[in-house]
Amino acid sequence: MDLINRYVKEVVKQLPEDTREDVEKELKSNILDMLPEDYTDEDVRKVLTELGDPQKLSKEFRGAKRYLIGPDFYDNYLLVLKIVAIVLACVMPFVAVISAFSEAKTIALPDVLIDAFVKMIVLTIQAAFQAFAWITVVFAAIERAGVSACELPVSAKTWTVDDLKEVVWDKKKAINIADPIVSIIFSIAFLAVMYYSDVLIGWYRLKDNINGNDFSVIPLFNSEVISRFFPYMVILSAFIIAISILKVIYRQWNMKLAVVNLVYNLFSAVYVFSFFTCKGLISNEFINQVAAETDFSVTQVDSFVGKFVIGIAVLATIGIAVDTVEGFLKARK
Amino acid sequence: MILYEKDELITTFEIELKRGTLTLAVLSQLKTPQYGYSLLQELVDKNVEIEAGTLYPLLRRLEKQEILESSWDTSESRPRKYYVLSSKGFEILEKLESIWIGMSLNINKLIGRE
């Protein structure tokens, strides 16, 4: 009896709470049925051997999936990996160069380029591993979350014979695959530039060795404002990347996509507008510098810059609105 | 798995055929209530090659899918869990039976053994 108990306990050990007791009862009953009236240890051994490795039996009861990512999602998984790889390959050199330039102490180009090259390799490897790990984890979770596989088409357009022709099957609805990939690259690059904006974007001046640098930069943006807005930039960029991935997977506009696009655009419109109309966006030092180098007074420069920035805000908002409308128009047809 | 040996290939295909018909075989014997071991015996007696370690989890799965209903019989000396087809199970079995008959007629025709 002890052997039987040990065996059964081993099998049910890894089963979920609610089924454990029932399986234990049932399995014990089944084992006892397989034994003769006055069974001996020999008999028990024979039966347990016949049932086999308790671990294996437990797996059968659990119905555990014997794979990380199954056939239903594997194609999508590979597609996402491919897209991310392309994005990384395009973005990493750019990010590395920016990062190297921002930390540059000299204007000796060779040094900076070498630094950029090294950074590129290191950053690419790091980013590649991170991306691979996260994408795999997400898909493994999707696999186990019971998502219906047909909700994630590899490509939503079903092939017809017309696809063989040169003419694009439905030009009106199609999303050019370059657009979302450019969006992803651009948003990551933008983040990188913004992160280092206090040393990258501004008025460059060649100085004679102040602080050991060959040049100094008067930042365009007020760094306080930038750091306030930066977390939101990251979040928005994450969204743009997610939406771009969706666009690549679906390859054509549909209502769901247009709505998601709308929501995102609303947020980014609000964000962009508040960013550009934020008081003190342009750093005072920059304004002073411009005033010093030109014939205008500080107040004149300040008001001009203010109007200019608001103009950009309006343009950006219009651009976002156009994108949203375009999405809906294309989805409609 | 490098299975290019004839015998290994035959075994693989045979296993596939058996796996394909297992559910039908099991369901066909559950028109009346059976408990795990009695069902196992009956299937083995009727030349269905199935192991205890396969049958018992299968019964639970089929119950989860509401194809079988179960009840514990505590009248005997030892409590036993009995399984029987649910009404949904009966419908499914009927459908599977006609699918099988159609399929086997067709295959027999294909291999010239009508």
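The values are calculated or read from the model by the stated rules, or taken from the named source; none is laboratory data. Please read these numbers as outputs of a predicted model, since none were measured by experiment. Here the Cβ positions follow ideal geometry from the backbone for every residue, glycine too, while neighbour counts run over all protein chains shown. The accessibility values were calculated without ligands, DNA or RNA, using every heavy atom of the protein model including side chains. Shrake-Rupley method; radii C 1.70, N 1.55, O 1.52, S 1.80 Å.
Conditions tested, residue by residue: (1) assigned to a strand (DSSP E or B); (2) of a type in the set (A, V, I, L, M); (3) within 16 Å of A:S29 (Cα to Cα).
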| site | (1), (2), (3) |
| --- | --- |
| B:L43 | no, yes, no |
| B:I50 | no, yes, no |
| B:Y56 | no, no, yes |
| B:R61 | no, no, no |
| B:S71 | yes, no, yes |
| B:Y83 | yes, no, yes |
| B:K95 | no, no, no |
| B:L105 | no, yes, no |
| B:N108 | no, no, no |
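Do we find a residue being under 19 Å from A:A192 (Cβ atoms), at pLDDT below 80 and within 18 Å of the chain's Cα centre (by Cα) anywhere in segment A:95-111? Yes, that holds for at least one residue. When you scan segment B:8-25, do you find a residue that is within 14 Å of chain A (Cβ to nearest Cβ) and surrounded by fewer than 12 Cβ atoms within 10 Å (Cβ to Cβ), even just one? Within segment B:8-25, one or more residues are within 14 Å of chain A (Cβ to nearest Cβ) and surrounded by fewer than 12 Cβ atoms within 10 Å (Cβ to Cβ).
Kindly evaluate A:L15 against the criterion of being open to solvent by less than 20 Å² (accessible area, probe 1.4 Å), in a loop (DSSP other than H, G, I, E, B) and not charged (D, E, K, R). In short, yes. Checking each residue in segment B:26-66 for being open to solvent by 20 Å² or more (accessible area, probe 1.4 Å), more than 14 Å from every other protein chain (Cβ to nearest Cβ) and not charged (D, E, K, R) picks out B:S28, B:Q29, B:T32, B:P33, B:N47, B:V48.
Can you tell me which residue in segment B:87-104 is farthest from the other protein chains (Cβ to nearest Cβ), limited to those that are of a type in the set (D, E) and free of Cβ contacts under 8 Å to residues at least 60 places away in the same chain?
Here is the first cut: in segment B:87-104, the ones of a type in the set (D, E) are B:91, B:94, B:97.
If we keep only those that are free of Cβ contacts under 8 Å to residues at least 60 places away in the same chain too, we end up with B:91, B:94.
Numbers: B:E91: 24, B:E94: 26 Å.
Across segment B:87-104, the extreme among qualifying residues is B:E94.
Inside segment A:230-260, can you point out the residues that are in a helix (DSSP H, G or I) and open to solvent by less than 20 Å² (accessible area, probe 1.4 Å)? Answer for segment A:230-260, where residues must be in a helix (DSSP H, G or I) and open to solvent by less than 20 Å² (accessible area, probe 1.4 Å): A:M233, A:S237, A:I243, A:S244, A:V248, A:I249, A:L257, A:A258.
Please find, within segment B:69-86, the residue that is surrounded by the fewest Cβ atoms within 10 Å (Cβ to Cβ) out of those that are more than 13 Å from chain A (Cβ to nearest Cβ) and at pLDDT 95 or above.
Taking segment B:69-86 and keeping what is more than 13 Å from chain A (Cβ to nearest Cβ), we get B:69, B:75, B:84-86.
Filter again for at pLDDT 95 or above, leaving B:69, B:84-86.
Working: B:E69: 17, B:V84: 15, B:L85: 21, B:S86: 18.
It comes out as B:V84.
Listed conditions (1) in contact (Cβ under 8 Å) with a residue 24 or more places away in the chain; (2) away from every other protein chain (no Cβ under 12 Å) are all met by A:K9, apart from (1). Is it true that some residue in segment A:271-282 is more than 30 Å from the chain's Cα centre (by Cα) and among the polar types (S, T, N, Q)? Scanning segment A:271-282, I find no residue that is more than 30 Å from the chain's Cα centre (by Cα) and among the polar types (S, T, N, Q), so the answer is no.
Among residues of segment A:25-84 being open to solvent by less than 20 Å² (accessible area, probe 1.4 Å) and aromatic (F, W, Y), the one that is farthest from the other protein chains (Cβ to nearest Cβ) is A:Y77. Do the conditions hold for A:V309, that is, is it in a helix (DSSP H, G or I) and open to solvent by less than 40 Å² (accessible area, probe 1.4 Å)? So A:V309 passes the test.
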